[in-house]
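Read through the structure below, which is laid out as structure tokens, and then see the notes.
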Amino acid sequence: MSIGQNLKKIRSQRNLTQGQLADNAKLSLNQISRIERGSAKPELDTIKKLSIALYCSSDELIFDDHEFISSDELRILFNAVEDLSDDKKEMIQDFIEAMIMKSDVEKWVNKTTKKEESKALRAIIQSEYAPGPCKACGAEMKERELNALEVNKNIEAVYQCTKCEQKNIFTSKKP
Ligand SMILES: [Zn+2]
């Protein structure tokens with residue numbers, strides 16, 4: 001598809017006549033008509049005016065659908081931001097930075113909370129679940145590393161006899 005065909009398509013989607021688009025874009029009706037017919041190649045400045053008037057990105061006018069990388073609304077909004085005043089741009093930048101920072105903080109808080117929870121749980125395990133000597137042989141019980149299967153089963157701690165196969169398993173009540 002040519003720029004002309006793209007322009008016609010997008011203009012129709014916006015329910016605009018050539019005359020209305022010409023008014024909105026501050027271009028002449030003749031210019032719009034010639035671009036759509038393919039008898040005129042628009043200048044960069046004209047493409048810019050058209051994309052602003054049509055609320056589309058210049059990519060949508062220039063590229064064919066299959067060449068068009070992503071016409072997501074966010075990117076179109078970013079194009080619109082370009083035309084805002086500097087202090088508004090700064091506000092938007094601050095806002096985006098704050099959102100990114102907020103999400104980083106949330107990730108950090110979640111991580112820390114999980115760590116704190118598991119620390120608290122370990123304290124409970126150690127205070128209320130202090131394994132005595134092995135019930136089978138009387139030897140010392142020692143905590144050992146959990147394997148993946150045990151972690152999946154919400155097992156929090158495993159105490160294993162240092163002499164025999166006896167195990168004491170602590171499972172959390174969390175689902
Ligand atoms: Zn034992």
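The values are calculated or read from the model by the stated rules, or taken from the named source; none is laboratory data. Source: prediction; values computed, not measured. Methodologically, a virtual Cβ is constructed for each residue, glycine included, from the backbone with ideal geometry; neighbour enumeration extends over all protein chains shown.
Residues in segment 118-137 that are closer than 14 Å to ASN168 by Cβ and among the small types (Gly, Ala, Ser) were compared, and the one that is modelled with the highest pLDDT is ALA136.
For segment 135-175, the set of residues classified as among the charged types (D, E, K, R) and under 18 Å from ALA120 (Cβ atoms) consists of GLU143, GLU156, LYS173, LYS174, listed by residue number.
So, restricting to helices (runs of 4 or more DSSP H) that lie completely within segment 13-66, which ones have at least 3 residues that are without any contact (Cβ under 8 Å) to a residue 12 or more places away in the chain?
Values: elements: 18-25, 29-37, 44-54, 58-62.
Because the criterion is at least 3 residues that are without any contact (Cβ under 8 Å) to a residue 12 or more places away in the chain, the helices (runs of 4 or more DSSP H) in segment 13-66 that meet it are 18-25, 29-37, 44-54.
List the strands (runs of 3 or more DSSP E) inside segment 75-175, counting only whole elements, that have at least 2 residues being over 30 Å from CYS56 (Cβ atoms) and away from the ligand (no atom under 16 Å from the Cβ).
Counting at least 2 such residues, we get 155-161, 167-171.
The condition of being over 19 Å from GLU82 (Cβ atoms) and surrounded by fewer than 16 Cβ atoms within 10 Å (Cβ to Cβ) holds for only one of LEU29, LEU44, LEU21, LEU7, that being LEU29.
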